[in-house]
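> If you scroll down you'll find the structure; I have some questions about it.
The values are calculated or read from the model by the stated rules, or taken from the named source; none is laboratory data. The structure displayed is predicted, hence computed values, not measured ones. Here the Cβ positions follow ideal geometry from the backbone for every residue, glycine too, while neighbour counts run over all protein chains shown.
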Protein chains: 2
Amino acid sequence: MRKELFKNEINILKDTFGRLLRRHAKTNLTKLINKTHPADLAVIFRYFNDEEQIQVFNLMKNDNHTLEFLINLDDTIIEKLLNIEHPERIANLIQNAPTNDQSFLLGALEPKQAKSVIDLLNKEEQEGIEEIMGYPEDSAGAMMSTDVFTIYQETTCGDALRTLQYQKDAEMVFYLYITNEDDALVGIASLRALATTHPDKLLRDIMIKRVHSVRPETDQEDVAQIVAQYNYLAVPVVDTDNQLLGIVTVDDVVDVIREEASEDFLQMAGVGKDREILLKSSWENAKIRLPWLFASWIGGVMAAYIIGVFEHMIENIIALASFIPVIIGMGGNIGTQSSTIIVRGMATGRIAIGDEFKVLSKELQVGLILGVLYGLLLGILANITFLNLDSMLGVVIGLSICSSMLIATAVGALTPILLKKLDVDPAIATGPFVTTSTDVLGVFFYFLIAEWFMDL
Amino acid sequence: MRKELFKNEINILKDTFGRLLRRHAKTNLTKLINKTHPADLAVIFRYFNDEEQIQVFNLMKNDNHTLEFLINLDDTIIEKLLNIEHPERIANLIQNAPTNDQSFLLGALEPKQAKSVIDLLNKEEQEGIEEIMGYPEDSAGAMMSTDVFTIYQETTCGDALRTLQYQKDAEMVFYLYITNEDDALVGIASLRALATTHPDKLLRDIMIKRVHSVRPETDQEDVAQIVAQYNYLAVPVVDTDNQLLGIVTVDDVVDVIREEASEDFLQMAGVGKDREILLKSSWENAKIRLPWLFASWIGGVMAAYIIGVFEHMIENIIALASFIPVIIGMGGNIGTQSSTIIVRGMATGRIAIGDEFKVLSKELQVGLILGVLYGLLLGILANITFLNLDSMLGVVIGLSICSSMLIATAVGALTPILLKKLDVDPAIATGPFVTTSTDVLGVFFYFLIAEWFMDL
């Protein structure tokens, strides 16, 4: 299988590095570093200990290979590595890098260290960095590449091709960005269209005029949505005068999509949103997870008090206690289903504004269907098992399962909808919140129903 | 905000279509269809009812716009639309489409309908489709585009550029694929490199030789991993002789990444893996979710039996019943945290083969830290609240929280690890399985601990 092969290559590389590191074989290490793809190097770097990381990094030259390696590295490792590095080396490394890479690396440094590095760069670079660092985190502005090549619409295709040949700097050129006399973006043309058109034709006659562009303050998730929906290779970022500020390229969008999905996963489970939690120590890891569990602790204490209030009923029919786990468990699980479907639907744009009511009512229907079904199933089972007890026990259990599942679908659907309305990420801690509220409400209605039917 | 703007555009379009549909304004509808981006049309199509969908589709021409629209449509809608369409129209629509689009659409049809369509295509097309449909679903072979342009390595850059101009068919050319005398892939060159090099230079001298390629049977997730890691715009798919079969382009990879994330989300929550669950009726939706809830139902019944066995203890100390929800709730939530971190870590390649033990032991450490902390907190609270009862109650509650959380991290971490070892998607129903096992085991150890300490 290719899968194993690809994973194996990384493993072999990891082992080879490990062997050379243990032998302190500097010459061979340097050779291996230069031969390894920077993205691969960034992956296996996770497995080195602190000393090994520093040892390898010190053997690396101040070139593009090292820069690309740093860009691919996890934030946690970048911090560790660069905060103790001489500012001169960092400045040297990033001085000719694209602005978005510069600001990304500087953003990972401690403010003091970042300042020392910035002070070593020339005025022009400093201004570029300041501008891009002024945009909000996770915005199109922060991730755009500013080395873009624009060309006037009255240029001929032949001239455009010739001009392009001298644009060594422009990153990943897929499209030509075409401007009018006011320097506003009016269209794009693919490199391919350019190459297959008669050289005398004007750009204005071949360009595509309907192009989705974004503002620098547009959230990266929306940029990703546009790229995914229209199969773009790059989205232009323009200011209010429609002047081109930069482009966001698809390779960065791929990273955004993966990162946003990871963050949503973690947030839903109540683990914060730090994608690098696997790199943290057990203490740090526990610290990140602690607050989210506190909510579930509070919910559990509330449930305990509620059950305490109904203690006299359990005294009469001990069997009531036995069904607590299944009643809250079924609720928790169907509630998690509901919230997951809705959180993901919102993230992928499948649930649009205005759909909320439809989605909620469908969830309630599903909750009712499954609640009745599983309620009947458990009610009958309860009555068969505890024939000697109150004959209403089955009814109570059945109704309670049904109510718990109905409540859970409602909470599971409403929570992300409300969070979204409040402009909060709908994934935040939805999971623990839904299961915990279901615990509390499920138990409460269970005993309320029991009180009503069993006359205790 | 741009975000609202982008969403608003879709809403306005939706309303305009709605209005025209109600008025049966065919001419205006046709105009609007032609003016709308096929990807946008596919999005708003979700909001039309069956009749409206058919009405709009019948107004569409048999052109590329319609083809692109179909490709962007949800599978459920494609099925509904095309299974009742004349095979002639479908054949007409797809006859000049790229092979992967053809096989994608045919794959959505009922076998009989698909056969009728295939029979109408010419021999050559039929063979192409047969080949690509022979590859496993979700493989590189199934998603590759076969209209790729290869060129011999001894060609000059100037000749290559000229040849390229006549390749109207080749989709999204970013790279030239360069072959040797045996037709094996030996390197690639970007269109940009070609344009900026002296026309007399040979391709072999400018090409990049180290390129990751995949096999047609490679899973799409691995293809996505490679594209994401190396920032590729396309990955070549080669056979065992290293001959180029096709390329997988980044736009399709973007879709794969989003789809795989959605599937993982849904699977983890125990909702199957149908991304289009939002389009299903409440009945179908309930049917999909029913079996996963059954597992949790069984677990609940088991928990009820366990509690039944320990009934005599509850009879003596009713307060024991009150703490059932918090003990299984805390376990369920920390277990979900563990499994989410690990499932996502595996999906993004952060957890490699061989890391399992390290990951498991870290989760156990975290479970212990948080278990001791929350156990202490609840134990003290229980002792203060129920001072009049058995003084060991606090100890029992504290130890039970701790054991439940420890068990949950173990189950939460082990479940995806074992699934992966068995070559099953580690996301499958991990959520419900973890919470349900925690319910059962948590309750069992709770009463065991109580029995030990309280001498009931």
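> Being among the charged types (D, E, K, R) and within 20 Å of B:Leu419 (Cα to Cα) is the filter; apply it to the range B:307-362 and report the residue that is farthest from the other protein chains (Cβ to nearest Cβ). Walk me through how you get there before you give the answer.
As a first pass, look at the range B:307-362 and keep what is among the charged types (D, E, K, R): B:311, B:315, B:344, B:350, B:355-356, B:358, B:362.
Now restrict to residues that are within 20 Å of B:Leu419 (Cα to Cα): B:344, B:350, B:355-356, B:358, B:362.
Values: B:Arg344: 5, B:Arg350: 5, B:Asp355: 8, B:Glu356: 12, B:Lys358: 10, B:Lys362: 5 Å.
If we take residues in the range B:307-362 being among the charged types (D, E, K, R) and within 20 Å of B:Leu419 (Cα to Cα), then B:Glu356 is farthest from the other protein chains (Cβ to nearest Cβ).
> If a residue has to be of a type outside the set (Val, Ile, Thr), modelled with pLDDT of 90 or more and surrounded by 15 or more Cβ atoms within 10 Å (Cβ to Cβ) to count, how many in the range B:204-221 make the cut?
Within the range B:204-221, the subset of a type outside the set (Val, Ile, Thr) is B:204-205, B:207, B:209-210, B:212-213, B:215-217, B:219-221.
Filter again for modelled with pLDDT of 90 or more, leaving B:204-205, B:207, B:213, B:215-217, B:219-220.
Applying the additional criterion that residues be surrounded by 15 or more Cβ atoms within 10 Å (Cβ to Cβ) yields B:204, B:207, B:213, B:215-217, B:219-220.
Total satisfying the criteria: 8.
> Looking only at the range B:284-306, how many residues end up being facing chain A (nearest Cβ under 7 Å) and not aliphatic (A, V, I, L, M)? Write out each step before concluding.
Let us first name the residues in the range B:284-306 that are facing chain A (nearest Cβ under 7 Å), namely B:285-286, B:289-290, B:293, B:296-297, B:299-301, B:303-304.
After this cut, where a residue has to be not aliphatic (A, V, I, L, M) as well, the list is B:285, B:289, B:296-297, B:299-300.
Of the residues in the range B:284-306, 6 are facing chain A (nearest Cβ under 7 Å) and not aliphatic (A, V, I, L, M).
> Can you find a residue that is more than 14 Å from chain A (Cβ to nearest Cβ), in contact with a helix residue (DSSP H, G or I) (Cβ under 6 Å, 6 or more places away or on another chain) and surrounded by 15 or more Cβ atoms within 10 Å (Cβ to Cβ) anywhere in the range B:36-52? Before the answer, list the steps.
Pass one, the range B:36-52, residues more than 14 Å from chain A (Cβ to nearest Cβ): B:50-52.
Still in the running and in contact with a helix residue (DSSP H, G or I) (Cβ under 6 Å, 6 or more places away or on another chain): B:52.
Then drop every residue that is not surrounded by 15 or more Cβ atoms within 10 Å (Cβ to Cβ), which leaves B:52.
Yes, some residue in the range B:36-52 is more than 14 Å from chain A (Cβ to nearest Cβ), in contact with a helix residue (DSSP H, G or I) (Cβ under 6 Å, 6 or more places away or on another chain) and surrounded by 15 or more Cβ atoms within 10 Å (Cβ to Cβ).
> Right, here's the next one. I need the helices (runs of 4 or more DSSP H) fully contained in the range B:148-260, keeping only those with at least 3 residues that are hydroxyl-bearing (Ser, Thr, Tyr) and within 8 Å of chain A (Cβ to nearest Cβ). First the steps, then the outcome.
Details: elements: B:157-164, B:191-195, B:203-206, B:220-230.
Here the list is empty.
> To continue, here is another question. So which residues in the range B:363-376 are more than 7 Å from every other protein chain (Cβ to nearest Cβ) and not small (Gly, Ala, Ser)?
Correct list: B:Glu363, B:Leu364, B:Leu368, B:Val372, B:Leu373, B:Leu376.
> From the list A:Glu110, A:Glu79, which one is among the charged types (D, E, K, R) and more than 21 Å from the chain's Cα centre (by Cα)?
Values: A:Glu79 fails: more than 21 Å from the chain's Cα centre (by Cα).
Answer to the selection: A:Glu110.
> Among helices (runs of 4 or more DSSP H) lying entirely in the range A:298-409, which contain 3 or more residues that are among the aliphatic types (A, V, I, L, M) and out of contact with any Ser or Thr (no Cβ under 6 Å at 6 or more places or on another chain)?
Values: elements: A:311-316, A:319-322, A:324-347, A:356-385.
Answer list for the range A:298-409: A:319-322, A:324-347, A:356-385.
> Still on this structure, please answer the following. Which condition number does A:Asn83 fail, the rest of (1) within 27 Å of B:Val227 (Cβ to Cβ); (2) without any contact (Cβ under 8 Å) to a residue 40 or more places away in the chain being met?
(1)
> Condition first: assigned by TED's automatic domain parsing to the domain that holds A:Gly398, of a type in the set (A, V, I, L, M) and within 27 Å of B:Leu293 (Cβ to Cβ). Can you find one or more residues in the range A:277-295 that meet it?
Yes.
> With (1) surrounded by fewer than 20 Cβ atoms within 10 Å (Cβ to Cβ); (2) farther than 30 Å from A:Glu221 by Cα; (3) at pLDDT 80 or above as the list, and A:Cys157 as the residue in question, which single condition is left unmet?
Every listed condition holds for A:Cys157 apart from (1).
> Moving to a separate point now. Checking A:Ile178 against (1) more than 23 Å from B:Leu233 (Cβ to Cβ); (2) at pLDDT 90 or above, which single condition isn't satisfied?
(1)
> Then there's this: Can you name the residue in the range B:54-67 that is crowded, with 18+ Cβ neighbours inside 10 Å and of a type outside the set (Val, Ile, Thr) and, of all such residues, is nearest to the other protein chains (Cβ to nearest Cβ)?
Result: B:Leu67.
> Also: Among the residues of the range B:261-279, write down those that are more than 9 Å from every other protein chain (Cβ to nearest Cβ) and either surrounded by 23 or more Cβ atoms within 10 Å (Cβ to Cβ) or not in a helix (DSSP H, G or I) (or both). Don't jump to the end; show me each part of the working.
Start the filter on the range B:261-279 by keeping residues that are more than 9 Å from every other protein chain (Cβ to nearest Cβ), which leaves B:263, B:267, B:272-274.
The answer is B:Gly272, B:Lys273, B:Asp274.
> Would you mind finding the one in B:Thr76, B:Thr27 that is among the β-branched types (Val, Ile, Thr), part of a helix (DSSP H, G or I) and free of Cβ contacts under 8 Å to residues at least 12 places away in the same chain? Steps first, please.
Values: B:Thr76 fails: free of Cβ contacts under 8 Å to residues at least 12 places away in the same chain.
That would be B:Thr27, the only listed residue that is among the β-branched types (Val, Ile, Thr), part of a helix (DSSP H, G or I) and free of Cβ contacts under 8 Å to residues at least 12 places away in the same chain.
> Now, a different point. For A:Ile449, indicate whether it is in contact (Cβ under 8 Å) with a residue 40 or more places away in the chain, surrounded by fewer than 23 Cβ atoms within 10 Å (Cβ to Cβ), in contact with a Ser or Thr (Cβ under 9 Å, 6 or more places away or on another chain) and not in a loop (DSSP other than H, G, I, E, B).
On the way: in contact (Cβ under 8 Å) with a residue 40 or more places away in the chain: yes; surrounded by fewer than 23 Cβ atoms within 10 Å (Cβ to Cβ): yes; in contact with a Ser or Thr (Cβ under 9 Å, 6 or more places away or on another chain): yes; not in a loop (DSSP other than H, G, I, E, B): yes.
Yes, satisfied.
> If A:Thr99 satisfies every condition in (1) in contact with a Leu (Cβ under 6 Å, 6 or more places away or on another chain); (2) surrounded by 20 or more Cβ atoms within 10 Å (Cβ to Cβ); (3) in contact (Cβ under 8 Å) with a residue 40 or more places away in the chain but one, which is the exception?
Failing condition for A:Thr99: (1).
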